[in-house]
1. Could you tally the net charge around Ser7, taking each other residue with its Cβ under 14 Å from the Cβ of Ser7, Lys/Arg +1 and Asp/Glu -1?
2. Eigenvalues of the Cα gyration tensor times 5, then square-rooted: what semi-axes does that give for the chain, in whole angstrom, largest first?
3. To check my understanding: the extent here is largest minus smallest coordinate of the Cα atoms along each principal axis. What are those three numbers for the stretch 39-93, in Å, largest first?
4. Can you show me the helix-derived [θ] at 222 nm for the chain, built from DSSP H runs with n ≥ 4 at -39,500 (n - 2.57) apiece and divided by the number of residues, rounded to the nearest 500.
5. Report, in order of residue number, the helices in the chain meeting two criteria: a C-alpha extent of 20 Å or more along the helix axis, and a mean Kyte-Doolittle hydropathy of at least 0.0; treat each whole DSSP H run as one helix.
6. Tell me the accessible surface of Arg13 in square angstrom (1.4 angstrom probe, heavy atoms of protein chains only), to the nearest ten.
7. Any idea which of Tyr67, Ser7, Gly29 is furthest toward the positive side of the dipole for the chain, if Lys and Arg beta-carbons carry +1 and Asp and Glu beta-carbons -1?
8. Within the chain, what whole-number % of the accessible surface is contributed by carbon and sulfur, with the 1.4 Å probe and all protein chains included in the calculation?
Amino acid sequence: MRILEPSAEECSRIAATTELFSEACAARGTPVTADGRIGEADAAVLLGYQLASLQNLRTMGGGPAHYKRRAGTSKISYRLCDLAGWVEQTREE
């Protein structure tokens, strides 16, 4: 399978969404690791999902890229830029 590189417009939207997520984390007091990861429950809140729904997406392989590395108390973490990329790539025109 060939992986397509995002267009310049998509990259711009991903960067803007990442910044919005970062600001939302700061406003909520969500801990963000030095490499920009947050725990699974916090990721669900940012995306507007119930935690169980995000977990189901992850286990079925349909959600955003994740890490099996701790972020706060969560064993699963997500980079803000990966969450933003997933949101923008699932955008419908």
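1. On the way: positive: Arg13, Arg91; negative: Glu5, Glu9, Glu10, Glu88, Glu93.
Net local charge, Ser7 excluded: -3.
2. Working: eigenvalues 86, 54, 29 Å².
Listed largest to smallest, the semi-axes of the chain are 21, 16, 12 Å.
3. Answer, in whole Å and largest first: 37, 20, 18 Å.
4. On the way: 4 runs with 49 residues, N = 93.
Result for the chain: -16500 deg cm²/dmol, rounded to the nearest 500.
5. On the way: long enough: 8-28 (30 Å, 0.04).
Helices passing the filter in the chain: 8-28.
6. Around 50 Å² of this residue is reachable by solvent.
7. It is Tyr67, whose Cα lies furthest towards the positive end.
8. Numbers: 3220 of 6140 Å².
Result for the chain: 53 percent of the exposed heavy-atom area is carbon or sulfur.
The values are calculated or read from the model by the stated rules, or taken from the named source; none is laboratory data. From a predicted model like this one, the values you see are computed outputs, not experimental measurements. Don't worry about glycine lacking a Cβ; one is built from the backbone with ideal geometry, like all the others, and counts go over all protein chains shown. Side chains included, ligands, DNA and RNA excluded: accessible areas come from the protein's heavy atoms. Shrake-Rupley method; radii C 1.70, N 1.55, O 1.52, S 1.80 Å.
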